[in-house]
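Comments concern the structure below.
Just so it is clear, none of the values below were taken in a lab; they were calculated from the coordinates. Just so you know, these numbers come straight off a predicted model, no measurement behind them. Because the Cβ atoms are built from the backbone with ideal geometry, glycine has one as well, and the counts that use them run over all protein chains shown.
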Amino acid sequence: MQKIAIIGLGYVGLPLARLFATKFQVVGFDINQKRIKELCSGTDITLEVSDEVLQKVLVSKFNNNENGLLCSFALQDIVDCNYYIVTVPTPVDKNNRPDLNPLYKASETVGKVLKKGDIVIYESTVYPGATEEECIPVLESVSELKFNEDFFVGYSPERINPGDREHTVEKILKVTAGSTPEIGNRVNDLYKSVITAGTHLAPSIKVAEAAKVIENSQRDLNIAFVNELAKIFNLMNIDTRAVLEAAGTKWNFLPFRPGLVGGHCIGVDPYYLAQRAQEFGYHPELILAGRRMNDSMGEYVASQVVKLMIKKEIIVNGAELLMLGITFKENCPDVRNTKINDVISALSDYGIKVVIYDPWANPVEVKHEYDLETSKSLPNHRFDGVVLGVAHKEFLGLNFDSLKKEKSVLFDVKGILTNEVDGSL
């Protein structure tokens, strides 16, 4: 009987565990005891799985051949699994270097329970070669088993889009790979049993790793291009979005828009590919140029807001500004690697007092990650400036005039407001 352990129950792991639990016995394992207790109560604070859907698959123990999801932080609960799927984050450090520590620790955890015949599948985004060069040695060392003789490894990169209720995990085609042709087929069959969109079996783990990391690098470069266009057209006093609309009338023009590039994928994955390329003696000029452009946009937004304030003769030092949104994208509570933080930091450097309102973000998490205070309630106050940083649905119907002083600036980072704005990207 196939029994699956999902290691890491975040934005990637939980939706996958919930899906597999409809056909298999699944143990969702996470070292965060608070997270496990919340899930066992039937609530997912990431909002990736609704409480109703989660509660349908939750079990407190397995009875005979009954399918379901058991959430646990106890190692003994994953001892009898034969598939281990690792879905931990792969961030970068403060110097934008890949941080594989979560992956090492997860591999150590799996190594402690690994048995002959087991298959370990990694979903975490990494550079080509990381699974075989970094993870497998940890599994071998801790388990004292031999790779491709006693245990086997697969790779199937995650394609979760946080906050997306349409493109859910089962509706996104899944790339798969295995450490041998036979294991590749077994990994592919496992995913094929639950992924309705289908699967694509790659010829090797390295190919699957590379395919994932270039997906987000490609998007990063395309957004960097339109961000540069926004800077150029702003100097020319040309409406960037009007230009993009006109250009978009051609069938093969790609519909990218300028903006802040945050989150745990697009703003991170290119650094994994860049470092790997440098290890092979190649300096990736285009990839890193795109990263520099996108990482500069927070400070650019702040400078545009300040220029508009000066033009309106608003005293910048000591001004009060309302930031609408702190999450990295709309209608999602995820604040990881949000570039709104860059905007706030730059505005604060000008002496501006920034008040943050975000009905989706967890104030405790924002405080922990960025040492910033945020509120889930709209302030009853008028400000010298209002910046729409995130396009949450709650913001679209706001009465912006009630938030502004007589002399005030309204800046639309997302370019979605129909109100008269003073500036946008």
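For the stretch 110-177, trypsin sites (Lys or Arg not before Pro) meeting the loop criterion (DSSP other than H, G, I, E, B) and having at most 15 other Cβ atoms within 10 Å: Lys115, Lys116, Lys146, Arg165.
With equal scatterers on the alpha carbons only and no solvent term, can you work out the Debye log10 of I(q)/I(0) for the stretch 3-203 at 0.10, 0.14, 0.17 1/Å? Taking Cα atoms of the stretch 3-203 as identical point scatterers yields -0.38, -0.78, -1.19. In plain terms, the C-alpha convex hull of the chain casts an average shadow of 21.9 nm² when viewed from every direction.
Couplings 3J(HN,Hα) for the stretch 330-347, derived from phi with the Karplus relation 6.51 cos²θ - 1.76 cosθ + 1.60 (θ = phi - 60°), are 6, 6, 7, x, 6, 10, 4, 6, 6, 8, 4, 4, 5, 5, 4, 4, 5, 5 Hz, where x marks Gly and Pro.
Full extension of the chain segment joining Glu134 with Leu396 gains 89.7 nm, where the gain is 0.36 nm per residue of separation less the Cα-Cα distance. Which of the pairs Lys339/Lys405; Lys206/Lys339; Lys307/Lys353 have their Cα atoms more than 19 Å apart in this structure? Distance filter (> 19 Å) returns Lys339/Lys405; Lys206/Lys339.
For Leu235 and Val194, a Förster radius of 51 Å and the Cβ-Cβ distance give a FRET efficiency of 0.50, rounded to the nearest 0.05.
Cross-link reach is defined here as a Cα-Cα straight distance under 30 Å, omitting same-chain residues fewer than 8 places apart; for Lys56 the lysines meeting it are Lys3, Lys23, Lys34, Lys37, Lys171, Lys174, Lys192, Lys329, Lys376, Lys393.
Distance from the Cα centroid of the stretch 1-17 to that of the stretch 176-234 is 19 Å (rounded to whole angstrom). For the stretch 93-151, the percent of C-alpha pairs falling in each 5 Å distance bin, counted from 0 to the bin holding the largest distance, reads 4, 19, 31, 23, 14, 6, 3, 2.
Restricting the stretch 203-291 to chymotrypsin sites (Phe, Trp or Tyr not before Pro) that sit in a DSSP loop and have at most 11 other Cβ atoms within 10 Å of their own Cβ leaves Trp251, Phe253, Phe280, Tyr282. Note on Glu420 and Glu108: the model spin-label points, each 7 Å out from Cα along the C-beta direction, lie 6.1 nm apart. List the GluC sites (Glu not before Pro) within the stretch 125-209 that DSSP assigns to loop and that have no more than 15 neighbouring Cβ atoms inside 10 Å. Hits after loop and neighbour filter: Glu144, Glu149, Glu166. Here r is the Cβ-Cβ distance between Asn252 and Leu378 and R0 is 56 Å; the resulting FRET efficiency, rounded to 0.05, is 0.85. For the stretch 43-48, putting each phi into the Karplus relation 6.51 cos²θ - 1.76 cosθ + 1.60 with θ = phi - 60° gives couplings of 10, 10, 6, 6, 6, 6 Hz, in residue order, rounded to whole numbers and with x for Gly and Pro. Just so you know, the Cα atoms of the stretch 274-425 work out to an Rg and Dmax of 16.7, 58 Å. Using R0 = 35 Å, the C-beta based FRET efficiency linking Thr22 and Glu245 works out to 0.25.
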